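Everything on this sheet refers to the single structure shown next.
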Amino acid sequence: MDARTYLFVPGNRPERFVKALASGADAVVLDLEDAVAPPAKGEARDAVAQWCDEITAHDRARLVVRINDAHSSAFADDLRLLRHAGVAGVMLPKAESAAHVQAVRAAVPDARVLALVESARGAAAAHEVAGADGVVRLVFGTLDYALDLDLDTTDGIEGLSHAASMLAIASRVAGLAAPVAGVTPQIDDEQRLLADLAWARRHGFGAKLCIHPRQVAPLHAALAPSAAALDWARRVIAAETASPGAAQLDGRSAMPATIIDSAIFQGIFSSDEMRHVWSDENRTQKYLDIEAALAKVQGRLGLIPQEAADEIVSHCKLEQIDVGLLRQQTERVGYPILGVVSQLNALCRDKLGEYCHWGATTQDITDTATVLQIREALAIVERELAAISSAMARHAKTHRDTPMIGRSNLQQAIPVTFGYKMAGLLSAIERHRERLAQLKERVLVGEFAGAAGTLASLEKGAMQTQAGLCAELDLKQPVIAWHTIRDNIAEVGAFLGLVGGTLGKLSMDVKLMMQTEVGEVYEPFAHGRGSSSTMPQKRNPISSCYIHAAISVVRQHAAALMDAMVADHERSTGPWEIEWIVLPEAFCLMAGALKQSRFVLEGLEVDAKAMRRNIDLTHGLVMSEAVMMGLGPYIGREYAHDLVYDICRDAVKQQRPLLDLLAEHPEIKRHLDRAALARLCDPANYLGQSGVMVDRVLATLR
C-alpha cells in the first residue's frame, strides 16, 4: 500500500464511488466513520457491500474502508462488512494500541491495516502500533490530533511537528512505508495544499489524504520524481543487474561513500532537498540553463542567428546529456563545461551549435551556476531559520518568567529564566536572518566576463549580453569581473559558519541540560531514541550530537573558502577548486544541522520543576549577590561582599541554608530582619530584567 494519495468518499454516497476511482487517486477510502452520521451507518455499509460485489478484483484492491473505532458500537458491524466485501484495506481510526489492531485482525485475518493516529495516546504509542501484526502504514489525523491537544493552528502547524516526527521514526523502525499526512480542508487552495505536503515531506511523510478529486493531480505532480532522478534510478538498477553486488555507474560505484550520500546517514547529516541542490544533475542542468539563457539573449541582440539560438535552447535539457561521456570529457579536459558545450554542439543540426557558448569562458558558466545553486540553497536555509525562530520565540514567550539557574564557568551563578536563555539564542537567529537578506545583494550576482574578465571576446554587444544574461537568470549584473575576487563566496561560507556557531551553542546547552544530574530539558522523545546498547536506562542526546559534529566541519569549510580568496592573477590555479569541494558539503551539512535543530526545538521537553530544584540545590548560596547588593547601602558593597563570602563558606561547612546563617549574624540583624533577608534570597525576586529583555527580543520579530 505504498500509495501517494488516498481519496475519501462518504460510504453513504454510492453515486460518488465510481467517480472517486476515476479521479486518479492511488487509493479510494470508503468512509464509514466521520463522513457518515450514526443513523446512516447501516445504509452506508449496505452501499459499500453492494458496490464491492459489483466491481472487479483489480478495483477492489484499490479500496480502503475507514471503519469506526474499536470502542464504537458500529465496530463489530463494520468488521462483518469487511469479511463479506472482500476488502483487505482497512483504515482504523483512533489507533492507540496494538490491541486495537489485533481486534481487526482477529475478525479479518488478511486485513492490511492503515492505523490512523489522531490523539496524544496514539502518538505516544506510535512504535507499538507500527509494530503490530497487520499494520502496513501509519496515517496522521492532524485535525483530530490538534483538537485532542487543544493546539492553535491558526498561525502555523509547528505544534504538530513532534508527533509527525514520532510517526515517521516509528514507521522507519518498523519497516513500514513513510506515513500518510492528514487532510487539507481548503479544497480550493492549491497553494495551501502543496504547502501542507511540503511540510509533511520535511517530516518524513510520503503520501497524503485527500477530500476532493481536484486535490489529487497537484499532489501527484509534486510527489513525482524528477526526470534526472528516474534516469539515475534506472541506470542504478541496470548496473546492479549487470554486476550484482559491485555495480558501477558512469565509471564509479553506485554505493555511496560519504556521510552526506550514505543511504543510512544521509537523512541525519543532510536533507534530500539540499543534496539535490548540489547534485551532479542539478549542477549540470544549471550549466544548460545558463547556455540557453545566453543563446536567447544573443539571439535577441542579433549577435548570433535566431535559428541557432532556438536550436541551442531546444537541446538544453539534462536528459539529452550523456553523463557517462561527460565524466570522461571532464577527466580529460579538467572541467565539465567544455564537455557540455561539445555535446550541445553535436546535438544541434546544421552546425548551429557552433554558436553555443558565444564569447563565454568556462568560469563564467561555472561561477554563475554556483550562484544559482547558492540561491536555491539559501532559500532552504532561510526557510529553516524562520521555523527555528518561530520555535525559539514560542519557548521564550512561554517561559518568559520560568526561573532557572544561570551558569558561569559551568558553576551556578544567579537565577535567569529559560525564556531569557531562548531569547538570547533567538536574537542571534534573527541577526542571521538579517545577514542573509543583506548578503543576497552581494552574492546573487552573475558572471560573464570572458577569458581574463574584459569581455574582449565580444566586439560589440558585450555589456548588453552581460546585462541580458543576468536579467534572464534573475541575477544582478556585476560591476566588474570577479573570477579571482572571491569575497562573495567566502562571505557565504562565513555566514554558514556563524549560523553553525549559534546552532552549536544551542546543542551544547541542550546536551548539558540533559545531563542526569541536571535534567532541565530533553530532546523530543521517541521509543528507543538515544538508547545505549548496554545500559537500558540511558536517554542520550542524539540530535545535539549531530548538530555539533556538522557545524564543526562547516566552520572548517568556512576557513577553506577564505583560503580560496588567495587567488593568483586574473584566473587562478587551484584556489578556485577549493570551492567545488567544500561549498556543497558546507551547505549539505548545514541543512542537516538546521533540520536537527528545528526537530529539537519544536519538540523540546522543558522541566520547570527541575529548573527550580536546581536553583535550590545550594540552599540559597546562588542568592549571595542579591544579599550583598541588599546589604550594600547599609555597610558598603565591598564590606558586604567579604562578609557574605565568609558566611557562604560557613554555610557550606555546616551544610545549612544561607538564610539561617544570615538571619543569625549580629551585624546583619541590625539592618535587615529575617523577612527582608528571605525576600533577598527568593530567586523569583532576583531575575533582573530577564522578562523585559525577552519582550524586547520578541518585539523585533518580523
Problem set entry | the range 42-187 - percent of accessible surface contributed by carbon and sulfur, probe 1.4 Å | 50
Problem set entry | Theoretical FRET efficiency, 1/(1+(r/R0)^6), r = Cβ-Cβ of Gln689 and Arg300, R0 56 Å, to 0.05 | 0.35
Exercise. In the chain, what percentage of the DSSP-assigned beta bridges are antiparallel, given to the nearest 5?
Worked result: 25
For this session: Name the residues whose placed amide hydrogens come within less than 5 Å of the amide hydrogen of Leu7, ignoring near sequence neighbours (fewer than 5 apart) on the same chain.
Result: Ala27, Val28, Val29, Cys210
For this session: Just tell me which lysines come within less than 20 Å, Cα to Cα, of Lys19; anything on the same chain fewer than 8 places away is out.
Result: Lys208
Seminar exercise, completed: Stokes-Einstein D for the range 564-702 (20 °C, 1.002 mPa s, Kirkwood Rh from Cα pairs), in µm²/s, comes to 107
Problem set entry | Under-5 Å amide H pairs with Lys476, H placed in peptide plane, nonlocal only | Val445, Gly446
Exercise. If the cut-off is a Cα-Cα distance under 19 Å, which aspartates and glutamates reach Lys609, setting aside same-chain residues fewer than 8 apart in sequence?
Worked result: Asp401, Asp509, Glu517, Glu520, Glu523, Asp682
For this session: Leaving out ligands and nucleic acids, note down the accessible area per residue over the chain with a 1.4 angstrom probe, in whole Å².
Result: 46
Seminar exercise, completed: So the FRET efficiency between Ile480 and Ala257, C-beta based with R0 = 41 Å and rounded to 0.05, is 0.50
Exercise. When the Kirkwood hydrodynamic radius is evaluated over all pairs of different C-alpha atoms of the chain, what value in angstrom, to one decimal, is obtained?
Worked result: 29.8
Seminar exercise, completed: Amide H proximity to Val416 below 5 Å, modelled H, separation 5+ or other chain, gives Met404, Ile405, Gly406
Exercise. So what's the gap between the Cα centers of the range 581-624 and the range 1-76, to the nearest angstrom?
Worked result: 46
Exercise. Nearest 0.05, what FRET efficiency do Asp673 and Arg435 give at R0 = 41 Å with Cβ-Cβ as r?
Worked result: 0.20
For this session: Please arrange Asp350, Asp563, Asp509 by accessible surface area, largest first, computed with a 1.4 Å probe and ligands excluded.
Result: Asp350, Asp563, Asp509
For this session: Kindly list the residues of the range 66-85 that lie in the label zone of Gln50, defined by a backbone N under 16 Å from the point 7 Å along the Cα-to-C-beta vector.
Result: 85
Exercise. Tell me, what HN-Hα J-couplings in whole Hz come from the Karplus equation 6.51 cos²θ - 1.76 cosθ + 1.60 at θ = phi - 60° for each residue of the range 299-304, using x for Gly and Pro?
Worked result: x, 5, 7, x, 7, 9
For this session: List, in order, the whole-Hz ³J(HN,Hα) value for each residue of the range 104-120 obtained from phi through the Karplus relation with A = 6.51, B = -1.76, C = 1.60 and θ = phi - 60°; use x for Gly and Pro.
Result: 5, 5, 5, 8, 10, x, 9, 4, 10, 9, 9, 7, 8, 8, 10, 8, 4
Exercise. Sorting Lys208, Lys653 by accessible area (1.4 Å probe), largest first, what list results?
Worked result: Lys653, Lys208
Exercise. For the chain, what is the calculated [θ] at 222 nm in deg cm²/dmol (nearest 500), taking -39500 (n - 2.57) for each run of four or more DSSP H residues and dividing by its residue count?
Worked result: -17500 deg cm²/dmol
Exercise. Over the range 628-702, what is the relative contact order in whole percent, taking alpha-carbon pairs under 8 Å and six or more residues apart?
Worked result: 19
Problem set entry | Relative contact order %, the range 1-135, counting alpha carbon pairs below 8 Å whose residues are six or more apart | 18
Seminar exercise, completed: Here the residues of the range 151-186 lying in the modelled label zone of Asp34, meaning backbone nitrogen under 13 Å from a point 7 Å along Cα-to-Cβ, are 181-186
Problem set entry | Farthest positive-ward along the chain dipole, Cα basis, beta-carbon charges - from His127, His395, Ala610 | Ala610
Exercise. What part of the accessible area of the range 417-470, given as a whole %, is carbon or sulfur when the probe is 1.4 angstrom?
Worked result: 52
For this session: Return the Cα extents of the range 59-140 along principal axes one, two and three, sorted largest first, each rounded to a whole Å.
Result: 33, 26, 19
Seminar exercise, completed: Counting as exposed only GluC sites (Glu not before Pro) in DSSP loop states with no more than 10 other Cβ atoms inside 10 Å, the longest exposed-site-free span of the chain is 1-458
Exercise. Placing +1 at every Lys and Arg Cβ and -1 at every Asp and Glu Cβ, with all other atoms neutral, what dipole size does the range 588-675 have around its Cα centre, in debye to the nearest 20?
Worked result: 260
For this session: Using a 1.4 Å probe and ignoring any ligands, DNA or RNA, find the accessible area of His432 and quote it in Å² to the nearest 10.
Result: 10
For this session: Order Leu223, Leu506, most accessible first, counting only protein heavy atoms with a 1.4 angstrom probe.
Result: Leu223, Leu506
Problem set entry | Apportionment of accessible area to carbon and sulfur, the range 589-633, percent (1.4 Å) | 58
Exercise. What ³J(HN,Hα) values, in whole Hz, does the Karplus curve 6.51 cos²θ - 1.76 cosθ + 1.60 give for the range 683-698 when θ = phi - 60°, with x put for Gly and Pro?
Worked result: x, 5, 8, 10, 9, x, 9, 3, x, 4, 5, 4, 4, 5, 5, 4
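The values are calculated or read from the model by the stated rules, or taken from the named source; none is laboratory data. Because the structure is a prediction, the values reported are computed rather than measured. Every residue, glycine as well, gets a Cβ built from its backbone with ideal geometry; the counts of neighbours run over all protein chains shown. These accessible areas exclude ligands, DNA and RNA; they are computed on the full protein's heavy atoms, side chains included. Shrake-Rupley method; radii C 1.70, N 1.55, O 1.52, S 1.80 Å.
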